[in-house]
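The values are calculated or read from the model by the stated rules, or taken from the named source; none is laboratory data. No experiment lies behind these values; they were computed from the predicted model shown. All Cβ positions, glycine included, derive from the backbone under ideal geometry; neighbour counts span all protein chains shown.
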Amino acid sequence: MAEIGIVEQFRATHGSNPHEHDFKAEIVVEGRIGFESGYVEGVDHKDLISDLKDIISDIADKDLKEILGKEGYKSSGNESIASFFAQKLKNKYPLKFVRIWETDERYATVYKDEFNNPSF
Ligand SMILES: [Zn+2]
């Protein structure tokens, strides 16, 4: 098994006591390395980067509590933000986990066995 990851930064507000962060979204996909291609199978790297940038352009500089609330999320905590990204990418890519960094010292990771958790 092999994995590849991408990280993109975005600024947004979250929390019931609204505050802003320069978040980082870390997206990690996994798969076997294709015998012919030499790359992780099932992942078009350029597509993944462009899909991630599309998600970010919809939420950048906005209030995540409002955006996630509209989609039924109970909080805008980092676990919920990670799940929000996962829901939008999981059907197209072999996602292993999504990690949301709110600072260099704090993050939440949601692994694929939580992608269908009904609390999100
Ligand atoms: Zn925060």
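General observations
- From the list SER80, SER50, the one residue that fits, being part of a helix (DSSP H, G or I) and without any contact (Cβ under 8 Å) to a residue 40 or more places away in the chain, is SER50.
- When the stretch 54-74 is filtered for residues that are in a loop (DSSP other than H, G, I, E, B), in contact with a helix residue (DSSP H, G or I) (Cβ under 8 Å, 6 or more places away or on another chain) and touching a residue at least 40 places away in the same chain (Cβ under 8 Å), the ones remaining, listed by number, are TYR73, LYS74.
- In the stretch 29-42, the count of residues that are in contact with a strand residue (DSSP E or B) (Cβ under 8 Å, 6 or more places away or on another chain) and within 16 Å of the ligand (Cβ to nearest atom) is zero.
- Scanning the stretch 29-56 for residues that are surrounded by fewer than 17 Cβ atoms within 10 Å (Cβ to Cβ) and either of a type outside the set (Asp, Glu) or at pLDDT below 95 (or both) yields a total of 16.
- Flag for SER76 being closer than 25 Å to ASP104 by Cα and at pLDDT below 95: no
- Taken together, the residues in the stretch 6-28 that are surrounded by 14 or more Cβ atoms within 10 Å (Cβ to Cβ) and away from the ligand (no atom under 16 Å from the Cβ) amount to 5.
- For the stretch 87-102, the criterion of being within 15 Å of the ligand (Cβ to nearest atom), of a type outside the set (S, T, N, Q) and assigned to a loop (DSSP other than H, G, I, E, B) is met by at least one residue.
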